[in-house]
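Reviewing the structure listed below.
Taken together, the values in this text are just the output of simple stated rules run on the coordinates, not laboratory data. None of these values were measured; they are calculated from a predicted model. Note that each Cβ is placed from the backbone with ideal geometry, even for glycine, and that neighbours are counted across all protein chains shown.
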Ligand SMILES: Nc1ncnc2c1ncn2[C@@H]1O[C@H](COP(=O)(O)OP(=O)(O)OP(=O)(O)O)[C@@H](O)[C@H]1O
């Protein structure tokens, strides 16, 4: 594989009131340029922790991330990030929200050129006629479109998406998935997306990275997604491998659930045994 992104031995330990908590440990992943990878795993396993470390928004405890031959050290315009909620400036218009980033990344471009970049990406996400609407007056779906346009307008080398469609109704979600794929294929942007939705992962990505349950979460399994691009939803759903892959992914998640149940039971047994031992020594 022609590696464009290398995440090596990535680890994160948070300081908590109960002492250090190792959330992610030895997370390793390589991505080719233009590849679309989805990260899936149980709630709380550490997906956002990995993504925010790659974004440079969360300090790295161990290991590192190399993008286009440069090890990252904090956030940068080479990475665009979209969260579940777009966090726009509500009193500013759609285009001014996009220009906030564009002005920073292209400070030497003419004002009209910066305007054209912002307007172009807003029109790609279907907001060509709402450039001057205040963010506060836009629906949730429209606000998320602004968030996506804002990330793309910076022309990042890598796009990091943390459940970008999580708060949207299913029709808007499907429409935005298709718009996003169209732009990504055109711009060849390397993308990492977190999702809880197995079907979304299968529709969007080239590979699906399954994380183990935390603590010490890491890459548990990687599924190759064999569907041709450009993707047509009905064709993907009718592909002979679709339901087998889907079943294997759900099987992995169920296996993690089972392991957690066993580990929790062992922990309870251990706590009970030490309590009994203490009682016996007191008695
Ligand atoms: N700043 C922090 N300090 C201490 N613990 C944290 C901090 N941020 C996250 N955690 C813990 O790290 C674990 C992983 O959190 P993270 O948000 O990365 O998981 P996730 O897989 O993205 O979850 P979800 O799918 O629910 O969004 C959780 O147990 C969380 O409580």
Specify the residue with the greatest mean-square fluctuation among 96, 248, 15, computed from a Gaussian network of the chain linking alpha-carbon atoms under 10 Å apart.
15
Expressed in Å to one decimal, the Kirkwood Rh of the range 34-166 from all distinct alpha-carbon pairs is 15.7 Å
Whole percent per 10 Å bin, from 0 to the bin with the longest distance: what is P(r) over all C-alpha pairs of the range 156-219?
18, 52, 24, 5
FRET E, pair residue 22, residue 280, Förster distance 30 Å, beta-carbon r, rounded to 0.05:
0.40
Cα-based Rg / Dmax (Å) for the range 230-283:
22.6, 72
Determine one quarter of the surface area of the Cα convex hull of the range 73-146, which equals its mean projected area, and express it in nm² to one decimal.
5.3 nm²
Helix 242-282 sits off the longest principal axis of the Cα atoms of the chain, rounded to the nearest 10 on a 0 to 90 degree scale, by 40 degrees
Kirkwood hydrodynamic radius (Cα pairs, Å) of the range 1-80?
13.3 Å
For the range 1-142, what does the relative contact order come out to in percent, with C-alpha contacts under 8 Å and a separation of six or more?
20 percent
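Rounded to a whole number, what is D in µm²/s for the chain from Stokes-Einstein with the Kirkwood radius over alpha-carbon pairs (25 °C, 0.890 mPa s)?
Calculated translational D: 119 µm²/s.
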Once the Cα gyration tensor of the range 213-261 is found, what semi-axes does its equivalent ellipsoid get, as square roots of 5 times the eigenvalues, in whole Å, sorted largest first?
28, 12, 7
Size of the range 141-283 as Cα extents on the principal axes (Å, biggest first)
73, 37, 28
